[in-house]
Ligand code: ATP
Ligand code: GLN
């Protein structure tokens, strides 16, 4: 796909319902995704704080809802497969399912070896190894 700006690598940044994350991560692992970072975050979107309506003013901090941020850096040709998988496993169809941001990444550096670029992004047994070449 013609993402703008064009980049060799992208970070798929998904804000998801915490209870859906085990399902998403095991599906990603199964497809050959090995490198994933998760963080506990809190936010509001259309869902707002609808589960916590009692008390507090309209924009008070206690309206933030607990979410997980999942970050996965992959080469461009793997982006859509990762996004599709996340949607399939995370979607309930209800407000609050989350959102995915796609961010271009300039370089990947493996600390242990100093490798950069494609060599650093490739993981042993990763998607590039497991999938049949196009
Ligand atoms: P090594 O072979 O030296 O172990 P590695 O590429 O497997 O290198 P790690 O050092 O094991 O990387 O990774 C450290 C942390 O970096 C992981 O726990 C994960 O949070 C994050 N990480 C690694 N690769 C990715 C990636 N492609 N996308 C998102 N997070 C990643
Ligand atoms: N694209 C890497 C590979 O195919 C996997 C990257 C990742 O696991 N985030 O090896």
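Yes/no matrix, rows are residues, columns are (1) over 26 Å from residue 67 (Cβ atoms); (2) touching a residue at least 60 places away in the same chain (Cβ under 8 Å):
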{"site": "102", "(1), (2)": "no, yes"}
{"site": "105", "(1), (2)": "no, yes"}
{"site": "111", "(1), (2)": "yes, no"}
{"site": "120", "(1), (2)": "yes, no"}
{"site": "123", "(1), (2)": "no, yes"}
{"site": "130", "(1), (2)": "yes, yes"}
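Confirm whether residue 71 is modelled with pLDDT of 95 or more, more than 16 Å from residue 128 (Cβ to Cβ) and surrounded by fewer than 16 Cβ atoms within 10 Å (Cβ to Cβ). Talk me through it step by step, then tell me what you get.
Values: modelled with pLDDT of 95 or more: yes; more than 16 Å from residue 128 (Cβ to Cβ): yes; surrounded by fewer than 16 Cβ atoms within 10 Å (Cβ to Cβ): yes.
Against the criterion (modelled with pLDDT of 95 or more, more than 16 Å from residue 128 (Cβ to Cβ) and surrounded by fewer than 16 Cβ atoms within 10 Å (Cβ to Cβ)), residue 71 qualifies.
For segment 26-47, give me the residue count where each residue is in contact with a strand residue (DSSP E or B) (Cβ under 8 Å, 6 or more places away or on another chain) and away from ligand 2 (no atom under 11 Å from the Cβ).
9
Which of the residues spanning segment 1-49 are under 15 Å from residue 84 (Cβ atoms) and part of a loop (DSSP other than H, G, I, E, B)?
1, 31, 32, 33, listed by residue number.
Restricting to segment 99-109, and then to whatever is over 25 Å from residue 18 (Cβ atoms) and exposed (fewer than 14 other Cβ atoms within 10 Å of the Cβ), can you tell me which residue is farthest from ligand 2 (Cβ to nearest atom)?
Only one residue fits best here, namely 106.
Of the numbered conditions (1) in a loop (DSSP other than H, G, I, E, B); (2) at pLDDT 95 or above; (3) crowded, with 16+ Cβ neighbours inside 10 Å; (4) over 12 Å from the mean Cα position of the chain (by Cα), residue 120 fails exactly one; give the number of that condition.
Here residue 120 clears every test but (1).
I'm checking my understanding of the structure. Among residues of segment 84-93 that are surrounded by 12 or more Cβ atoms within 10 Å (Cβ to Cβ) and either touching a residue at least 12 places away in the same chain (Cβ under 8 Å) or touching a helix residue (DSSP H, G or I) at 6+ places or on another chain (Cβ under 8 Å) (or both), which one is farthest from residue 25 (Cα to Cα)? Outline the logic, then answer.
The initial filter retains those residues of segment 84-93 that are surrounded by 12 or more Cβ atoms within 10 Å (Cβ to Cβ), namely 85-87, 89-91.
Filter again for either touching a residue at least 12 places away in the same chain (Cβ under 8 Å) or touching a helix residue (DSSP H, G or I) at 6+ places or on another chain (Cβ under 8 Å) (or both), leaving 85-87, 89-90.
Working: 85: 10, 86: 9, 87: 12, 89: 9, 90: 10 Å.
Among them, the one singled out is 87.
Would you say residue 96 is part of a loop (DSSP other than H, G, I, E, B), away from ligand 2 (no atom under 14 Å from the Cβ), out of contact with any helix residue (DSSP H, G or I) (no Cβ under 6 Å at 6 or more places or on another chain) and in contact (Cβ under 8 Å) with a residue 60 or more places away in the chain?
Numbers: part of a loop (DSSP other than H, G, I, E, B): yes; away from ligand 2 (no atom under 14 Å from the Cβ): yes; out of contact with any helix residue (DSSP H, G or I) (no Cβ under 6 Å at 6 or more places or on another chain): yes; in contact (Cβ under 8 Å) with a residue 60 or more places away in the chain: yes.
So residue 96 passes the test.
The values are calculated or read from the model by the stated rules, or taken from the named source; none is laboratory data. Since the model is a prediction, treat every value here as computed from it, not as a measurement. Cβ sites come from the backbone with ideal geometry, for glycine too, and all protein chains shown count toward neighbours.
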